[in-house]
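In what follows, a single structure is set out as structure tokens and then discussed.
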Amino acid sequence: MRHLSILGSTGSIGTSTLEVVRKHPERYKVMALAAGTNVEEMVRQMKEFRPRLVSMASKEAAEEVKLHASYPVQVVYGENGLLEVASYPEADYLLSSLVGSRGLRPTLAGIHSGKTIGLANKETLVMAGGLVMEEAKKAGVSILPVDSEHSAIFQCLNGEPPSAVHRIILTASGGAFRDWSRERMKTATKDEALNHPNWSMGAKVTVDSASLMNKGLEVIEAHWLFGIPYDRLEVLIHSESIVHSLVEFNDGAVMAQLGTPDMKVPIQYALNYPERLPLYTERLNLAKIGKLHFAEPDLEQFPCLKIAYDCGRAGGSMPTVMNAANEIAVERFLQEGLPFLAIEEIVQEVLSRHTLISRPGLEDLFEADRWAREMARQCTVAV
């Protein structure tokens, strides 16, 4: 039986993970859960899965959860609470599905406590990929990808060494604005950006999908997970989201992982690797689909993808600054009603003000993150 700690249990990945747990109760025991401020959902999860430790984002949310607890459970909160859940000694597996840079410290805490990591928090590797992979290697800890694209690559590689790989192709749905002109995107609303055609995801990742920044973050994540240089990491727009990614080998053979868009598939694979368990989901019917479409991304239409490639190649502190600036820019778009195209403008402006730290330590990265957020909040936009 696998004993789980889950960071982000009330989000889309967290709730899908608990659906997998629900289907295989003989395989999993939920030991610790962490969430934001969704008290109602956390109380439901506690009643069903009875974790021994629960963390909420705020003291107020934690106190409310505790009032509704129907059994003895430890309830904590804040960043220290996340670290407690991540390193909970009775769990052997950490599912890290927090959104954004706040996933880095608890993911490292899980690594240092010897847990297998199911990683659905791409920002952890965008911010500090070299440091995280080195710490995992030192601790003898496996990092198993949960994002559908990286899970697909992991399955296609199936033990092949990086030297056998000619290139990796990550597919992208294209997001809500894949068929829009730049002129039309100038007036895009929050509701339009959040109307993803294929996937049901949280607000931040859905907006990132619309700008293609999410795919840029995934390119950087793939670089660290699989040890492949950026000039051999490519992106294809694939509107059906059936082919989740591809690997081309040196002999010209191309392996692809296909399936209906259902996050429970990569989640369950990461939880059970290398074993595959039954999963009752919609089965792929290629005859019914009929055609699959692919196109190269337009980097003038979606400059965030090029920005991510440039920052990944620059390395050091640049991906950290890009990620932090993007998080604040997306937040301002969602909360302040900034124009959609202001996201890329803010990111570019913050990057232009940053002096690269080529070999940053962890605290250097956290300081770069703090600085970039402050700059992004101060940016005025011309869009």
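Residues checked against (1) in contact (Cβ under 8 Å) with a residue 40 or more places away in the chain; (2) closer than 12 Å to Val219 by Cβ:
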position: Ala287; (1), (2): no, no
position: Ala295; (1), (2): yes, no
position: Leu305; (1), (2): yes, yes
position: Ala308; (1), (2): yes, yes
position: Gly316; (1), (2): yes, no
Criterion: of a type in the set (Asp, Glu), farther than 21 Å from Leu119 by Cα and part of a helix (DSSP H, G or I) - qualifying residue of Glu26, Glu40: Glu40
Among what's in region 49-60 and is in contact with a helix residue (DSSP H, G or I) (Cβ under 9 Å, 6 or more places away or on another chain) and part of a loop (DSSP other than H, G, I, E, B), pick the residue that is least open to solvent (accessible area, probe 1.4 Å). Pro51
Out of Thr206, Thr260, Thr171, sole residue that is in the same structural domain as Lys291 (by the TED database), under 22 Å from the mean Cα position of the chain (by Cα), part of a helix (DSSP H, G or I) and not aliphatic (A, V, I, L, M): Thr206
Restricting region 330-370 to residues that are among the hydrophobic types (A, V, I, L, M, F, W, C) and part of a loop (DSSP other than H, G, I, E, B), which is surrounded by the most Cβ atoms within 10 Å (Cβ to Cβ)? Phe340
Quick one: would you say Ala222 is open to solvent by less than 50 Å² (accessible area, probe 1.4 Å) and more than 18 Å from Leu119 (Cα to Cα)? no
Taking the conditions exactly as written (under 30 Å from Tyr273 (Cβ atoms) and either without any contact (Cβ under 8 Å) to a residue 24 or more places away in the chain or open to solvent by less than 60 Å² (accessible area, probe 1.4 Å) (or both)), does Leu67 satisfy them or not? no
Would you check if there is a residue in region 371-381 being surrounded by fewer than 18 Cβ atoms within 10 Å (Cβ to Cβ), touching a helix residue (DSSP H, G or I) at 6+ places or on another chain (Cβ under 7 Å), in contact (Cβ under 8 Å) with a residue 24 or more places away in the chain and not in a helix (DSSP H, G or I)? yes
Selected residue (criterion: surrounded by the most Cβ atoms within 10 Å (Cβ to Cβ)) from residues of region 182-219 that are acidic (Asp, Glu) and closer than 27 Å to Glu248 by Cα: Glu218
Is it the case that Lys186 is of a type in the set (D, E, K, R) and in contact (Cβ under 8 Å) with a residue 60 or more places away in the chain? yes
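The values are calculated or read from the model by the stated rules, or taken from the named source; none is laboratory data. These numbers come from a predicted model, not from an experiment. Because the Cβ atoms are built from the backbone with ideal geometry, glycine has one as well, and the counts that use them run over all protein chains shown. To get the accessible areas, we keep the full protein, side chains included, count just its heavy atoms, and leave off ligands, DNA and RNA. Shrake-Rupley method; radii C 1.70, N 1.55, O 1.52, S 1.80 Å.
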